[in-house]
Amino acid sequence: QQQVKQSPQSLIVQKGGISIINCAYENTAFDYFPWYQQFPGKGPALLIAIRPDVSEKKEGRFTISFNKSAKQFSLHIMDSQPGDSATYFCAAHNTDKLIFGTGTRLQVFP
Amino acid sequence: GAGVSQSPSNKVTEKGKDVELRCDPISGHTALYWYRQSLGQGLEFLIYFQGNSAPDKSGLPSDRFSAERTGGSVSTLTIQRTQQEDSAVYLCASSLVFTAKNIQYFGAGTRLSVL
């Protein structure tokens, strides 16, 4: 119930392509869904977040799509760049903590 | 403005030894969180502090783990009688106010290796 399932585990995309990372949850009490980006040797940093009353949020090349009925949400990175190569974590908020997915390692090749 | 600072950045210890990991949050941040990141795994929530108080310690994996925060600032995570399965990156985060919806700022972590 407290889990957030994330896929794929790793993703290789060519420069200019679209990167898509998917997450699914069971607990309908989750009320806030952030995505964090982590570069090697660094801590995660907030990238973008969405609330469940919104179906889509876009910030620059990054878009979250949220499907409340399916209990799924995804991160889309448009025009992927080598500098986007990092590990991405989805997360869900419940009461007093964030529950993180297992992460997706994205590699964007020139 | 300095970010969240963690020390040491790397710690190698022998099985059975005690270790202390330190976190200096961003000045003025009242909430502080500890996570564990194992290879290929997500971020496992351990404990959070609201001020100096830790309302929820249920994420600590065993009674060998403890944490404290003093003066509403620095926090220490202590692992007693370390085991090889404790090897991981321990991450600390802080936020301005206590709510997980508030942006959490992470430190670079302490990489713990138990031999």
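Just to be sure, is B:SER87 open to solvent by 40 Å² or more (accessible area, probe 1.4 Å), more than 14 Å from every other protein chain (Cβ to nearest Cβ) and touching a Leu at 6+ places or on another chain (Cβ under 9 Å)?
The answer is yes for B:SER87.
Yes/no matrix, rows are residues, columns are (1) more than 18 Å from B:SER7 (Cβ to Cβ); (2) within 10 Å of another protein chain (Cβ to nearest Cβ):
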{"site": "B:CYS23", "(1), (2)": "no, no"}
{"site": "B:GLN41", "(1), (2)": "yes, yes"}
{"site": "B:GLU44", "(1), (2)": "yes, yes"}
{"site": "B:ILE47", "(1), (2)": "yes, yes"}
{"site": "B:GLN50", "(1), (2)": "yes, yes"}
{"site": "B:ALA54", "(1), (2)": "yes, no"}
{"site": "B:ARG64", "(1), (2)": "yes, no"}
{"site": "B:GLU68", "(1), (2)": "no, no"}
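Inside region A:58-106, can you point out the residues that are assigned to a strand (DSSP E or B), polar (S, T, N, Q) and more than 18 Å from B:GLN41 (Cα to Cα)?
Here is the first cut: in region A:58-106, the residues assigned to a strand (DSSP E or B) are A:58-59, A:62-67, A:72-77, A:86-94, A:97-100, A:104-106.
Imposing the further condition that a residue be polar (S, T, N, Q) reduces the set to A:63, A:65, A:67, A:72, A:74, A:87, A:94, A:104.
Matches in region A:58-106: A:THR63, A:SER65, A:ASN67, A:GLN72, A:SER74, A:ASN94.
Which one of these is at pLDDT 90 or above, polar (S, T, N, Q) and part of a loop (DSSP other than H, G, I, E, B): B:SER113, B:SER94, B:SER27, B:SER66?
The match here is B:SER27.
Return the residue satisfying two criteria in turn: it lies in region A:75-110 and is more than 24 Å from B:ASN102 (Cβ to Cβ) and small (Gly, Ala, Ser), and of such residues it is surrounded by the most Cβ atoms within 10 Å (Cβ to Cβ).
Here the answer is A:SER80.
Identify, by number, the condition in (1) of a type in the set (D, E, K, R); (2) in contact (Cβ under 8 Å) with a residue 60 or more places away in the chain; (3) closer than 28 Å to B:ALA31 by Cα; (4) not in a strand (DSSP E or B) that A:LYS42 doesn't meet.
(2)
The values are calculated or read from the model by the stated rules, or taken from the named source; none is laboratory data. Since the structure is predicted, the reported quantities are computational estimates derived from the model, not experimental observations. Neighbour counts run over all protein chains shown; Cβ positions are idealised from the backbone, glycine included. When the accessible area is computed, the model is the full protein with side chains, heavy atoms only, and any ligands, DNA or RNA have been set aside. Shrake-Rupley method; radii C 1.70, N 1.55, O 1.52, S 1.80 Å.
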